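Some notes on the structure that comes next.
FYI, it's all coordinate maths here, none of it is from the lab. Everything numeric in this text was worked out from a predicted model, so none of it was measured. In this analysis, Cβ positions are derived from the backbone assuming ideal geometry, glycine residues included, and neighbour counts consider all displayed protein chains.
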Amino acid sequence: MPGSKDLLTTTSFHTEVSTTTVLKTAKKMIDYSHGNLHDINHFMKVYAYAKMIADGEQLDPDTQKLVEMTALVHDIACPLCRVKYGNTNGKNQEKESAALIAEFFKDSNLPQDFTDRISFLVSHHHTLDQIDGIDYQIIIEADYLVNADESHFSGHNIKNMYDKIFKTETGKFLLRSMSVSYTHLRAHETAANL
């Protein structure tokens, strides 16, 4: 089942996955973006944070590769959503992603369970109440880090995500380190508790 957190612990993809590389996926996604620098910069930043968080979690090589590939394609539906809906609302992205992911990876040699999990994660990357595995957790955290910066999220929003959603030590470190709003908010809370 694509949503199963045990997917990658019960099946090994390492041998088969190695021929469809993260680099090939990145290049294909850059081509898919047709020069839209905002989209390319966004998914490359999410990829960098996802890779860093995954490294911190010491994932096995297959789950690491799954996280990195998912980060690269997580916003695959944005171009379609801009045309079809006039925006890139997260729920519309989730609704449109599965078919686009299937098409994107159809000629790859990736195992079906692997691409199914990527599809599940991409189709849920704006859903915070169904996180069912470390791969999902990392995608949520990495995307949020980039969105918080790009959209200038409030200190309250950042604190809420830190306290309720972020679970990985690396993700929490990055959010604390990168968010001036959050840092000041925490300082005020500490002072108020003295």
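Which value in Å is the Kirkwood Rh of the range 52-119 over different Cα pairs? If you can, show how the numbers build up before the last one.
Numbers: mean 1/r = 0.0770 Å⁻¹.
Evaluated on the range 52-119, it is 13.0 Å.
Lys and Arg at +1, Asp and Glu at -1: add these up for the other residues within a Cβ distance under 12 Å of ASP107 and post the number. Write out the running numbers ahead of the final one.
Values: positive: LYS24, LYS28, LYS106; negative: GLU103.
Computed value for this residue: +2.
Under the simplified labelling scheme, the MET178-ASP55 pair shows an inter-label distance of 1.4 nm, with each label point 7 Å from Cα along Cα→Cβ. Compared with the alpha-carbon gap, the fully stretched path from GLN130 to ASP149 is longer by 4.4 nm at 0.36 nm per residue.
If R0 equals 41 Å, the separation of the Cβ atoms of LEU80 and ASN160 corresponds to a calculated FRET efficiency of about 0.85.
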